[in-house]
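This report refers to the structure that appears directly beneath it.
The values are calculated or read from the model by the stated rules, or taken from the named source; none is laboratory data. From a predicted model like this one, the values you see are computed outputs, not experimental measurements. Glycine also receives a Cβ, built like all others from the backbone with ideal geometry; neighbour counts cover every protein chain displayed. Heads up: the accessible areas ignore ligands, DNA and RNA and are worked out on the full protein's heavy atoms, side chains in. Shrake-Rupley method; radii C 1.70, N 1.55, O 1.52, S 1.80 Å.
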Number of protein chains: 2
Amino acid sequence: MVSRLVRRWLAGCSGASPGWWPKGPCGTLVRTAGAFGPLARRACASTARPRQVTLTQERYPVRRLPFAVVSEDDLAAFERIVPGRVITDPEELEAANVDWLRVARGCSKVLLTPRSTEEVSHILRHCHERNLAVTPQGGNTGMVGGSVPVFDEVIVSTALMNQVISFHGVSGILVCQAGCVLEELTRYLEPRGFAMPLDLGAKGSCHIGGNVATNAGGLRVLRHGSLRGTVLGLEVVLADGTVLDLLSCLRKDNTGYDLKQLFIGSEGTLGIVTAVSVLCPPRPEAVNVALLGCAGFAEVLQTFETCKRVLGEILSAFEFMDSECMRLVRRHLGLTCPIQESPFYVLIETSGSNAGHDGEKLGGFLERALGSGLVTDGTVASDQRKVKALWALRERITEALSRDGYVYKYDLSLPVERLYDLVVELRARLGPSAKHVVGYGHLGEQGHGRRFRQRWEKTPVISVVLL
Amino acid sequence: MVSRLVRRWLAGCSGASPGWWPKGPCGTLVRTAGAFGPLARRACASTARPRQVTLTQERYPVRRLPFAVVSEDDLAAFERIVPGRVITDPEELEAANVDWLRVARGCSKVLLTPRSTEEVSHILRHCHERNLAVTPQGGNTGMVGGSVPVFDEVIVSTALMNQVISFHGVSGILVCQAGCVLEELTRYLEPRGFAMPLDLGAKGSCHIGGNVATNAGGLRVLRHGSLRGTVLGLEVVLADGTVLDLLSCLRKDNTGYDLKQLFIGSEGTLGIVTAVSVLCPPRPEAVNVALLGCAGFAEVLQTFETCKRVLGEILSAFEFMDSECMRLVRRHLGLTCPIQESPFYVLIETSGSNAGHDGEKLGGFLERALGSGLVTDGTVASDQRKVKALWALRERITEALSRDGYVYKYDLSLPVERLYDLVVELRARLGPSAKHVVGYGHLGEQGHGRRFRQRWEKTPVISVVLL
């Protein structure tokens, strides 16, 4: 049953890559950063890339499994299930066949845009009976090629499943369809005094269903934890069309095994997420951002530790970047670094319920960090414009890199202490064959790793830029 | 394979009851509160209960499945696996055969106390090969009969698996054996500046493995979320002895399906948890507790909403109790209520990194709550002795109830707005046949429930006291 759902599902900023994705020096991005916004999107389009993306099946040694081919009868059946929403026009299909990074391309002949769970169920039941392969697709913002077909799979898009089903003002629990765009949900919650528990650069396009299917982390994991805690329930359609109603609205549901967890991060291999129940935190009253300079990576880690201790419950993000990242952001995007040059930079965000208290706490932390020499220079912003400008230095690194040359990006997970060693090691090994080797990312998702295992999680990012 | 592990596992304060547990007017506790401490334990022992607990197999219409019976050869084999730790003395077995509430009793002939995962694996492999049924047992503090055998199952206790494996001061990640007692872990973390993400009355006896196996919630769910987010990894031994190493130390691990989630809350039906990796939050610098009076349940809910908004990130517990609870606590335990009598009481705890800020926030909240009439009276404590005294009013309700008569306890989950209706309804229906019908519990775990389903989660508690 499961085999019919081809092993991928669009990521709202993806985590693990699908199993089929080839490794090694194949000349494509095999690992990418999490935070890409509309700016990065524009930048990507403007860089010199081949107009025509090579078909994935030509680029990699992949073999089509013995699925059926979509027939005229199938199209007629789809037309009965989703009337007027069966897309076969090649130009319209192009966008759904090619991933955002333009490195993966399928040749699907049909894109379906259901509006309801029932429609998804009917589509999958038909495909199951006809032995047709399916690729679920959300916002198509994924970075590991998981959101587009490899061959001629039927694309089932959640784009029209964009309705909020319910929101409860006391519990902060939002129930919505899988195709809701993350930023639109944030906008829906704002006047109601709540926020989404996750945030990422692709928020303007990514779908909440894709976020869940890829267990997207993003910038707020430090504060609100992973989706495994904040997603309370899911509705999923299995490959044979069975609707699995796991749409609980409880913070804890101990009735039987927590099956929904299997779907979080399963990248669409077990079913299509059609609705999500999310526990939303209250919107913070005050947000502060500090940009600090550190002399070494050891100081970055110590700053993180001090920061967690002094800022405690108001710490909502902790990002680092090295001096090469800062140089590239300045050179290619013309951004200004408001503090003196340092080997490392740290961006700290606080979110709290009392601006005065948060300011005092942050002030106390900075005094301590500067006094002890952990931090060599720093600046703090609390008004929205300045906060955005500081965040841009970190969020636009990917964009700057893409303007610098051909980029290999690796989201790695290593014991925190040894994390930056990899950048140093790579620089030494690659020598002049790499234009730049840089390291950046959030420390919040990081564990200490009792063993080395590649492809663990997606932060931080090591990028190698080639000429 | 799975069938060999009999359907239960000791809870550190259990959630769902095992499927076999009979419902209806059977004269026993079928649902119980979460928070029981040493005091409650003493109280329970002091109440008039039959010395000899009826065998579960005699009390309920349960049927022994065709498992083998432990032979002398089995005992010899166990002796080779865990030398000197094969307990067959009837008096020593008594404690492991009877649950803490003394309502369930098995007749196991052997208790094994392995020290390592390897020993657990060897035991289970042997039982699997010999078709012997097994009951895993932690601290035996569970309230739903899940921790003791029904028939003559082999009891495998984690009591000697009480070693901390590692603790990492930067990430706050603790890795320990399943038999570590919750309170001892808290004591281990305290001087290191960290705390356990869960807390419950049974902390002095319950094992972390049991907490995980039953997905225990407790008093801090509001702040740190459920164990599904804070448990990063597990080591589990399956029924055939296979060791499943899911002991990740990452906040997010997207490599494949998150199988460990199946074991959280599975009550030992899928395997025995032998080690746990937990993400520990920093220990709060300041703790405040407020006890407030509310005129009605609607005001309790509004206070919760206001509280979440004003106290935001420092709110760590929100408990309510009705006036009958308070009366019983005063009458049976001689506790003093420091505020004027009210139909409802609310206990609010804040935990933060700055005592001054937290005090100010709490003061602001109280001013608002009193000013708007949500709250009619209140008191605040910040020194440890007074904090404990206020907590006792809530935590010792169970003890007071057990002194009041024969108690039926139900942990229910309902839409928050309709939650207390059940108490009112029950009072009306039972009339003079119930001595008291009371309602209390935490609101933090509560969802808004899009549908009614009994036996959802374990809060809040409706207790019916019979004469």
Given (1) at pLDDT below 75; (2) more than 8 Å from chain A (Cβ to nearest Cβ); (3) buried (at least 24 other Cβ atoms within 10 Å of the Cβ), index of the condition B:VAL221 fails: (2)
Strands (runs of 3 or more DSSP E) enclosed by the range B:135-182 - at least 2 residues per element that are away from every other protein chain (no Cβ under 14 Å), closer than 20 Å to B:THR117 by Cβ and in contact with a Leu (Cβ under 7 Å, 6 or more places away or on another chain): B:154-157
Candidates A:ASP199, A:ASP240, A:ASP258 - the one that is within 8 Å of chain B (Cβ to nearest Cβ) and assigned to a loop (DSSP other than H, G, I, E, B): A:ASP258
Hits in the range A:421-445 (condition: within 14 Å of another protein chain (Cβ to nearest Cβ) and open to solvent by 10 Å² or more (accessible area, probe 1.4 Å)): A:HIS442
Considering residues of the range A:338-365 that are part of a strand (DSSP E or B) and among the hydroxyl-bearing types (Ser, Thr, Tyr) only, the residue farthest from the other protein chains (Cβ to nearest Cβ): A:TYR345
The range A:268-280 - residue that is within 9 Å of chain B (Cβ to nearest Cβ) and assigned to a loop (DSSP other than H, G, I, E, B) and, of those, modelled with the lowest pLDDT: A:THR269
Of all residues making up the range B:329-344, the number that are without any contact (Cβ under 8 Å) to a residue 12 or more places away in the chain and small (Gly, Ala, Ser): 1
Residue list for the range B:91-101, restricted to those being over 21 Å from B:PRO61 (Cβ atoms) and in contact with a helix residue (DSSP H, G or I) (Cβ under 9 Å, 6 or more places away or on another chain): B:TRP100
The range A:281-297 - residue that is within 11 Å of another protein chain (Cβ to nearest Cβ) and either outside any strand (DSSP E or B) or closer than 22 Å to A:SER372 by Cα (or both) and, of those, least open to solvent (accessible area, probe 1.4 Å): A:PRO281
Near pairs, Cβ below 7 angstrom, 6+ apart or cross-chain, from the range B:142-154 (under 17 Å from B:GLY209 (Cβ atoms) and acidic (Asp, Glu)) to any residue that is open to solvent by 10 Å² or more (accessible area, probe 1.4 Å) and at pLDDT 90 or above: none
Test: residue in the range A:188-198 that is more than 23 Å from A:THR350 (Cα to Cα), under 19 Å from the mean Cα position of the chain (by Cα), of a type outside the set (D, E, K, R) and crowded, with 24+ Cβ neighbours inside 10 Å: no
Condition broken by B:GLU58, with the remaining ones in (1) open to solvent by 30 Å² or more (accessible area, probe 1.4 Å); (2) within 25 Å of B:SER266 (Cβ to Cβ) satisfied: (2)
Test: residue in the range B:318-328 that is without any contact (Cβ under 8 Å) to a residue 24 or more places away in the chain and more than 14 Å from chain A (Cβ to nearest Cβ): yes
Count - residues of the range A:316-347 that are of a type outside the set (S, T, N, Q) and open to solvent by 10 Å² or more (accessible area, probe 1.4 Å): 14
